[in-house]
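Colleague: First the structure, which I've put down as structure tokens, then a few questions once you've had a look.
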Amino acid sequence: MKVLHVITSLDSGGAEGVLARLCRADPSNAHHVISLMDEGVYGLPLRQAGVQVYCAGMPRGKLTVKGLFRLWRFIREARPDVIQTWMYHADLLGGLLGRLAGVRSIVWGIRNSDLEPGKSSRSTILVAKLCARISFWLPARIAVCAERAAEIHARIGYCTGKMTVIPNGYDLANFKPLPSSAKTIRQEFQIPASDVLIGMVARFDPFKDHGNLISALAQLDERGVNFRCLLVGDGMDSGNTELLRLIEEAGLEKRIILTGRRADIPVVMNALDLHVLSSLSEAFPNVVAEAMACGTPCVSTDVGDASLIVGDTGWIVPPGNSDKLAAALQVATNEIVETEAWQKRKAAARTRIENKFSLEGMIKSFDSLWQAVFR
């Protein structure tokens with residue numbers, strides 16, 4: 001089939017990454033992608049993989065007549081068998097203009113599990129509520145990335161009979177145990193072997209709640225735990241004055257290492273003894289699954305489907321509670337010393353991702369859904 005994906009942007013993000021993995025790894029269908037904005041981070045890699053990429057060129061947060069016309073024209077020219085949309089604005093615009101272009105096999109994509117004021121913008125909440133009202137007639141089906149996301153959207157009025165939960169899938173040939181990585185990263189940042197290496201891969205964003213993590217790490221430091229913590233992602237650098245202030249106030253200048261964005265995330269995940277996610281809000285936190293695929297156990301706040309991903313291989317704590325986050329981190333760091341128990345936990349983390357969240361499984365689920373609506 002020819003599948004046309006409509007997504008809000010192609011910048012670095014969870015939904016964008018899943019779309020890119022799906023298009024590049026699916027051998028059964030021909031994929032085309034429309035970004036409502038520009039080609040962002042993933043446009044070039046997608047084109048290099050043979051995927052046709054179009055850009056409607058609309059500014060962030062704004063609709064333009066020219067952009068809407070481009071979107072309609074791209075759909076008409078592509079003549080897809082199925083339109084798969086990603087995220088609320090793309091669901092609404094891609095769905096409506098897809099129908100106007102004569103396509104009825106439309107699958108929406110829900111990628112968010114929180115729609116609360118303060119956690120989501122007012123415009124996002126309004127668009128989601130509008131989508132809920134028209135979900136009974138516009139899309140043929142709705143692909144939801146997480147069980148919790150399905151529950152939340154059912155409560156605001158989405159058509160539950162059209163929902164299918166398809167968890168994210170991961171390239172297990174890329175995210176896999178690489179024992180040599182630990183030595184490489186420790187040498188790069190001069191981290192002694194005696195220090196437990198904790199890390200969090202996440203951009204600087206209020207929803208990631210780095211303040212919560214830093215407060216928990218300060219408690220670990222007070223208790224005499226020998227650790228270093230790598231903070232990896234956009235905004236995790238010396239130019240972030242707000243982050244530097246938080247670190248200095250906690251007295252953790254010698255404990256926390258800011259790496260900025262890195263392209264070698266599988267290497268980083270392998271080097272960590274423990275990955276932590278301190279978020280206030282997520283849908284399906286990719287970094288948790290990626291760390292586990294590398295055999296790195298995780299401590300995560302109970303957001304989105306984090307508890308479903310982690311299972312009994314790691315620790316889940318309430319969001320926004322630095323005391324409980326610190327307690328879980330201390331339990332984990334104590335277990336690292338017990339080599340046999342920790343090795344079993346590492347193996348269990350990898351096995352859980354292999355069994356439940358493989359890329360092949362995700363591709364098969366999407367393909368089955370598209371086949372069903374195309375018939």
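The values are calculated or read from the model by the stated rules, or taken from the named source; none is laboratory data. These numbers come from a predicted model, not from an experiment. Ideal geometry is used to build each Cβ from the backbone, glycine not excepted, and the neighbour counts take in all protein chains shown.
Colleague: Just the residues that are closer than 22 Å to W72 by Cα and among the charged types (D, E, K, R), please, taken from the range 22-57.
Modeller: Answer for the range 22-57, where residues must be closer than 22 Å to W72 by Cα and among the charged types (D, E, K, R): D38, E39, R47.
Here is a yes/no grid of residues against (1) over 27 Å from F69 (Cβ atoms); (2) touching a helix residue (DSSP H, G or I) at 6+ places or on another chain (Cβ under 6 Å); (3) modelled with pLDDT of 95 or more:
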{"site": "C131", "(1), (2), (3)": "no, yes, yes"}
{"site": "I142", "(1), (2), (3)": "no, yes, yes"}
{"site": "R148", "(1), (2), (3)": "yes, no, no"}
{"site": "D171", "(1), (2), (3)": "yes, yes, no"}
{"site": "K183", "(1), (2), (3)": "yes, no, no"}
{"site": "V196", "(1), (2), (3)": "yes, yes, yes"}
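Colleague: Follow-up. Given the condition surrounded by fewer than 20 Cβ atoms within 10 Å (Cβ to Cβ) and outside any helix (DSSP H, G or I), answer yes or no: does some residue in the range 73-86 qualify?
Modeller: Scanning the range 73-86, I find at least one residue that is surrounded by fewer than 20 Cβ atoms within 10 Å (Cβ to Cβ) and outside any helix (DSSP H, G or I), so the answer is yes.
Colleague: Something else now. Taking the range 347-375 only, how many residues are free of Cβ contacts under 8 Å to residues at least 60 places away in the same chain and closer than 20 Å to N174 by Cα?
Modeller: The initial filter retains those residues of the range 347-375 that are free of Cβ contacts under 8 Å to residues at least 60 places away in the same chain, namely 347-349, 351, 355, 364, 368, 375.
Checking which are closer than 20 Å to N174 by Cα leaves us with 347-349, 351, 355, 364.
Result for the range 347-375: 6.
Colleague: Ok, one more. Of all residues in the range 139-162, which are touching a residue at least 24 places away in the same chain (Cβ under 8 Å) and surrounded by fewer than 22 Cβ atoms within 10 Å (Cβ to Cβ)? Let's see the steps before the verdict.
Modeller: In the first step, residues of the range 139-162 are kept if they are touching a residue at least 24 places away in the same chain (Cβ under 8 Å); the result is 139-150, 152-153, 156-159, 162.
Answer for the range 139-162, where residues must be touching a residue at least 24 places away in the same chain (Cβ under 8 Å) and surrounded by fewer than 22 Cβ atoms within 10 Å (Cβ to Cβ): A140, R141, E147, A150, I152, I156, G157, C159, K162.
Colleague: Further, regarding this structure: Provide a single number: the residues in the range 163-176 that are crowded, with 16+ Cβ neighbours inside 10 Å and without any contact (Cβ under 8 Å) to a residue 60 or more places away in the chain.
Modeller: Total meeting the criteria: 2.
Colleague: For the range 201-222, what are the residues that are in contact (Cβ under 8 Å) with a residue 60 or more places away in the chain, closer than 17 Å to S300 by Cβ and not basic (K, R)?
Modeller: V201, A202, F207, D209, H210, N212, L213, S215, A216, L217, L220
Colleague: While we're here: Which ones in the range 195-212 are more than 18 Å from R262 (Cβ to Cβ) and not in a strand (DSSP E or B)?
Modeller: Initially, the range 195-212 is screened for residues more than 18 Å from R262 (Cβ to Cβ), giving 195-196, 206-207, 209, 211-212.
If the condition is that a residue be more than 18 Å from R262 (Cβ to Cβ) and not in a strand (DSSP E or B), then D195, P206, F207, D209, G211, N212 are the ones that fit.
Colleague: Hey, another quick one. Return a yes/no flag: does the range 209-231 have any residue that is surrounded by fewer than 18 Cβ atoms within 10 Å (Cβ to Cβ) and touching a Pro at 6+ places or on another chain (Cβ under 9 Å).
Modeller: Looking for residues that are surrounded by fewer than 18 Cβ atoms within 10 Å (Cβ to Cβ) and touching a Pro at 6+ places or on another chain (Cβ under 9 Å), one finds at least one in the range 209-231, hence yes.
Colleague: Now a separate question. Buried (at least 16 other Cβ atoms within 10 Å of the Cβ) and either outside any helix (DSSP H, G or I) or in contact with a helix residue (DSSP H, G or I) (Cβ under 7 Å, 6 or more places away or on another chain) (or both): which single residue out of L19, L92, L63, L96 fits that description?
Modeller: On the way: L19 fails: either outside any helix (DSSP H, G or I) or in contact with a helix residue (DSSP H, G or I) (Cβ under 7 Å, 6 or more places away or on another chain) (or both); L63 fails: buried (at least 16 other Cβ atoms within 10 Å of the Cβ); L96 fails: either outside any helix (DSSP H, G or I) or in contact with a helix residue (DSSP H, G or I) (Cβ under 7 Å, 6 or more places away or on another chain) (or both).
Every option except L92 fails the conditions.
Colleague: Can you confirm whether the range 340-363 contains a residue that is small (G, A, S), part of a loop (DSSP other than H, G, I, E, B) and at pLDDT 95 or above? Reasoning before the result, please.
Modeller: Residues of the range 340-363 small (G, A, S): 341, 347-349, 358, 361.
Among the residues that remain, those that are also part of a loop (DSSP other than H, G, I, E, B) are: none.
Scanning the range 340-363 turns up no residue that is small (G, A, S), part of a loop (DSSP other than H, G, I, E, B) and at pLDDT 95 or above.
Colleague: Which one of these does C55 not meet: (1) within 30 Å of V288 (Cβ to Cβ); (2) surrounded by fewer than 24 Cβ atoms within 10 Å (Cβ to Cβ)?
Modeller: (1)
Colleague: Still on this model: Answer with yes or no whether W342 is under 23 Å from the mean Cα position of the chain (by Cα) and not small (G, A, S).
Modeller: Values: under 23 Å from the mean Cα position of the chain (by Cα): no; not small (G, A, S): yes.
No.
Colleague: Determine whether E360 is at negative phi and out of contact with any Gly (no Cβ under 9 Å at 6 or more places or on another chain).
Modeller: Numbers: at negative phi: yes; out of contact with any Gly (no Cβ under 9 Å at 6 or more places or on another chain): no.
Considered against the rule, which asks whether it is at negative phi and out of contact with any Gly (no Cβ under 9 Å at 6 or more places or on another chain), E360 comes out as no.
Colleague: Looking at the range 54-64, can you tell me whether even one residue there is among the polar types (S, T, N, Q) and in contact with a strand residue (DSSP E or B) (Cβ under 8 Å, 6 or more places away or on another chain)?
Modeller: The answer is no; no qualifying residue exists.
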